[in-house]
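The values are calculated or read from the model by the stated rules, or taken from the named source; none is laboratory data. A quick note: this is a predicted structure, and the numbers were derived from the prediction, not measured. Cβ atoms come from the backbone with ideal geometry, glycine included; neighbour counts cover every protein chain shown. Areas reflect the complete protein model, heavy atoms only, side chains present, ligands, DNA and RNA absent. Shrake-Rupley method; radii C 1.70, N 1.55, O 1.52, S 1.80 Å.
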Amino acid sequence: MTAHPGRGRAVVAAVLAGWTLLAAGPALAAPGVTGAAAARPVQGDPVDTDPTGTPSQPDESLPVKVTIEQLEPREVKPGATVRVVAVLRNTGTTPTGPLKYRLQRGPLITTRSELAAADKVAPLITTQFAQSTPLPDGLAPGQALRVRYECSADELRLLGVGVYPLGFTVTDTSNGSQVGRAQTLLPSFAGVDPVPTRVAWLWPLLDRPHRLLGDVAGQPLFDSDELARSVSKRGRLDQLLAAAEAVTGRVSLTLVVDPETIEELQLMTRSYRYGSLGRSSVGRGQLAAADWLRRLRVIAKRHLLAVLPYGDPDIVALDRAHLTTLGEPTDADRALVTDALGAVQATTQLAWPAGDVLTDTALDDVIRSGASAVVLDPAALRGGATPAPRTPSAVAPLPSLEGQASALVTDAALQSIVAHAASFPGGTRLAEQRYLAELAMIGAEAPAVQRTLVIAPPRRWSPSLPYAAQVLADTARISWLTSLTAGAVIASTPPVDRGPLVYPPAALRAELPQNQLGTLRELRQEIADFQSLLTNSDAKLLLSAYPDAQRRAASSAWRSDPARQAAYLDGMERGIRLLRGQIRIQKPVSGIYSLASSDSPLTLTIVNSLPTPVTIGIRINRPPPGFRIKDIGPQIIPARSRHSLRLPANVQRTGTFRVDIRLTTPGPQPHDVGGGVTLTVRSTAYGSLALGITGAALVILIAAMIFRMVIRLRSGPGEPAPAGSPADRSLS
């Protein structure tokens with residue numbers, strides 16, 4: 001595996017930023033400069049105004065900074081003339097004295113491991129030298145000269161098959177010391193006509209979700225106008241599409257699109273707004289969105305169009321959260337794209353999981369949903385990262401419980417070079433040259449054996465247009481490269497077993513946060529509960545935006561921005577709770593309900609502010625002792641109404657009750673749907689139990705009095721009071 005191209009100054013020294021080799025090649029050379037005149041320095045040229053050059057990074061330890069602006073040809077063959085345009089700048093404080101400059105090379109590199117080592121330690125370039133061109137006046141402090149140089153490829157003796165270290169050097173003629181250098185790598189297939197290496201580019205025309213839940217004055221609402229800027233001139237998606245346009249007809253591509261992005265762009269062709277529900281502005285991207293879709297419509301007919309599931313979901317994270325349905329492609333996704341782009345060859349059978357890795361259970365889900373091929377990193381297969389004597393082709397068998405699929409395995413070194421092209425030492429042109437060197441080395445491993453490679457840049461890649469166009473064009477203009485689509489790769493490449501799936505620990509840390517997916521799962525239940533209150537047609541009216549909103553919330557784009565995902569979930573939660581809040585129980589003005597008898601009905605007023613009727617149930621949450629109501633079954637509350645319901649109530653005692661009444665979904669297993677209220681109910685009537693107790697006590701009292709009277713009657717009249725007793729005296 002090639003080391004990361006941005007690792008430290010050693011890597012800078014390895015490729016020493018020498019070239020801004022642009023695809024235009026000859027068009028950048030000064031007109032009329034050929035033969036001996038090429039060696040004549042041209043003074044006074046503004047070296048920082050070349051609109052096509054990307055300055056390379058020189059060896060900063062030397063006093064003369066060398067920036068190679070042009071190298072021709074890209075594919076150097078025996079007998080060819082090598083032409084260089086370079087800028088020499090004296091960065092020191094003293095004159096240099098007489099100088100000379102030339103091309104020279106080092107020993108042939110013949111393996112990919114040696115090529116990777118050259119990224120860490122710059123190889124020597126002292127094996128072969130071309131003739132020198134003098135610069136007798138040298139350079140004054142701060143002075144810059146643009147010079148032209150040419151030599152025959154035969155002078156460099158490019159006789160091997162592999163990659164040569166190549167440098168453009170500046171030497172002090174007085175002492176022979178080297179005062180400036182720029183260095184890179186040069187492929188060579190001297191005397192060999194290799195079988196072309198087949199390269200399949202997945203070209204990601206993807207973006208993150210921008211649309212918010214809710215409209216403003218009937219216009220769709222976006223979180224920003226960022227997508228409009230992306231499809232406008234020099235925007236990210238504009239540059240990617242322009243690169244594909246530049247090679248259409250010469251290079252076969254697999255264009256990867258997200259139905260969600262296509263849908264947003266379609267909405268943008270009409271009136272739309274961006275900002276928030278409380279404060280929004282008019283969107284200005286109508287023309288840019290329409291033009292971008294028109295351009296895509298034109299080239300999509302010439303390439304394979306791979307349609308990802310809506311929102312480009314994080315498949316593995318959704319599988320862990322038991323939300324797999326949010327990651328499945330649908331016929332509607334494909335129809336959305338084909339309706340927008342016309343008659344195109346579109347497929348939903350190519351799965352491209354975030355991070356290019358997949359678990360076994362997520363693979364089962366992917367194949368069950370119709371995928372027949374999966375793009376994977378070599379580290380996602382147990383034998384994929386093991387160095388092999390010869391680079392294998394990209395296709396590997398991928399068995400699962402749901403059937404057989406094919407893995408399209410990318411190449412780690414090529415992926416790293418492409419992904420980090422924008423920050424490559426020396427600029428994107430050196431990144432392109434490093435990319436060509438890697439491909440050449442793969443071909444040089446076995447020139448008679450054809451290999452097929454798959455390159456999948458980062459999903460939301462942002463290369464410069466010159467770089468993007470050139471790496472694509474290389475597969476058409478370099479004799480040892482050719483292009484094909486992902487579909488052709490599967491159909492024509494024998495699979496190479498790379499072992500079973502593995503899931504790297506780092507991949508787990510990159511997934512969408514499970515706590516936020518848990519919130520999404522709860523929101524899905526709330527939405528389903530609310531939907532059960534409505535008829536199908538009414539649900540479409542009120543909840544039509546929520547299915548797609550849920551899929552946007554599961555987008556893999558939020559891996560790098562979990563805070564934005566959390567904000568999106570908050571917006572969904574506010575939206576569904578706002579709908580639920582339109583159905584409520586109205587409290588009485590006094591705040592107290594009074595019941596005059598034990599079986600007086602409890603009259604409730606249900607307010608439905610929605611434009612549709614709803615069917616609700618009513619229940620008491622933890623009814624207080626001595627109070628209960630009879631279930632009256634599902635009740636239809638008309639749209640935009642205040643509807644009274646009489647609930648048969650029964651109280652067992654006088655007093656005050658705190659009653660928590662909830663609105664629920666209809667059906668045998670009701671769920672709360674909001675709109676609950678805690679009421680104070682005061683009863684002044686005896687319930688049947690209280691009356692029973694009172695009646696029983698009265699019966700007992702009467703029975704006791706009767707019993708006492710019977711006892712007295714049976715005992716007869718009493719004894720007369722003796723004379724002189726207090727009783728006798730009281731009678732006197």
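Shape class for the stretch 530-575: prolate, because the ratio a/c of the largest to smallest gyration tensor axis (alpha-carbon atoms, square roots of eigenvalues) is 1.5 or more and a/b beats b/c. In percent, rounded to a whole number, the relative contact order of the chain is 12, using alpha-carbon pairs under 8 Å and six or more apart. Which whole DSSP H helices in the chain pass both tests: a Cα extent of 24 Å or more along the axis and a mean Kyte-Doolittle value no lower than 0.0? Taking the DSSP H segments of the chain (at least 24 Å long, mean hydropathy at least 0.0), we get 688-714.
What distance in nm separates the two pseudo spin-label positions at I592 and L713, each 7 Å out from Cα along the beta-carbon direction? Distance between label points: 5.0 nm. Taking every C-alpha pair closer than 8 Å and separated by at least 6 residues, the mean separation divided by the residue count of the stretch 424-488 gives a relative contact order of 31 percent.
The longest stretch of the chain left intact once loop-based GluC sites (Glu not before Pro) with at most 14 other Cβ atoms within 10 Å are removed from consideration, loops following DSSP, is 61-401. Just check the stretch 136-231 against the gyration tensor rule for me: Cα atoms, a ≥ b ≥ c as the square roots of the eigenvalues, rounded for a/c under 1.5, and otherwise prolate or oblate depending on whether a/b exceeds b/c. Because a/c hits 1.5 or more and a/b fails to exceed b/c, the stretch 136-231 counts as oblate.
Set the bar at 31 Å for Cα to Cα. Now go through K540/K630; K233/K301; K77/K100; K77/K120; K587/K630; K301/K540 and name every pair that lies beyond it. Cα-Cα > 31 Å for K540/K630; K301/K540; rest within. Which shape class, rounded, prolate or oblate, goes with the chain when its Cα gyration tensor gives a ≥ b ≥ c as root eigenvalues, a/c under 1.5 marks rounded, and past that a/b bigger than b/c marks prolate? It comes out prolate by the Cα gyration axes. What is the log10 of I(q)/I(0) for the stretch 308-413, computed with the Debye formula using one identical point scatterer on each Cα and no solvent, at q = 0.11 Å⁻¹? Log10 of I(q)/I(0), two decimals: -0.37. Taking other residues whose beta carbon is less than 14 angstrom from the beta carbon of R284, and scoring Lys, Arg as +1 and Asp, Glu as -1, yields +1.
Sparse packing (at most 11 other Cβ atoms within 10 Å of the Cβ) combined with a DSSP loop state is found for the following trypsin sites (Lys or Arg not before Pro) in the stretch 339-391: R390. Shown here for the stretch 227-264: trypsin sites (Lys or Arg not before Pro) in loop regions (DSSP other than H, G, I, E, B) with at most 14 other Cβ atoms within 10 Å, namely K233, R234, R250. Note on the stretch 369-450: antiparallel DSSP beta bridges, both residues inside, total approximately 60 percent of the bridges counted. Bridges between two residues of the chain, per DSSP, are antiparallel at a rate of about 75%. Take the Cα radius of gyration of the stretch 53-212 and divide it by 2.2 N^0.38 Å, N being the number of residues; the result is 1.25. Just the protein heavy atoms count here, and of the accessible area of the stretch 245-329 at 1.4 Å, carbon and sulfur take up 47 percent.
At q = 0.12, 0.14, 0.15 Å⁻¹, what is the base-10 log of I(q)/I(0) for the stretch 562-685 according to the Debye formula with one equal point scatterer per Cα and no solvent? Please give it to two decimals. Log10 of I(q)/I(0), two decimals: -0.50, -0.65, -0.72. Neighbours of E263 by Cβ distance under 13 Å: Lys/Arg scored +1, Asp/Glu scored -1, total -3. The stretch between R334 and N515, if pulled fully straight at 0.36 nm per residue, gains 62.1 nm over its current Cα-Cα span. Solvent-accessible surface of the stretch 126-200, averaged per residue with a 1.4 angstrom probe and all protein chains in place: 35 square angstrom.
Relative to its Kirkwood radius, the Cα radius of gyration of the stretch 453-567 gives an Rg/Rh of 1.14.
Expressed as a whole percent, the proportion of Cα-Cα pairs in the stretch 197-262 lying more than 15 Å apart is 61%. If R0 is taken as 51 Å, the Cβ-Cβ distance between A704 and Q669 corresponds to a FRET efficiency of 0.40. Surface exposure of the stretch 470-606, expressed per residue as accessible area with a 1.4 Å probe, stands at 45 Å². Inverting the pair-averaged 1/r between distinct Cα atoms of the stretch 348-481 gives 16.1 Å as its Kirkwood hydrodynamic radius.
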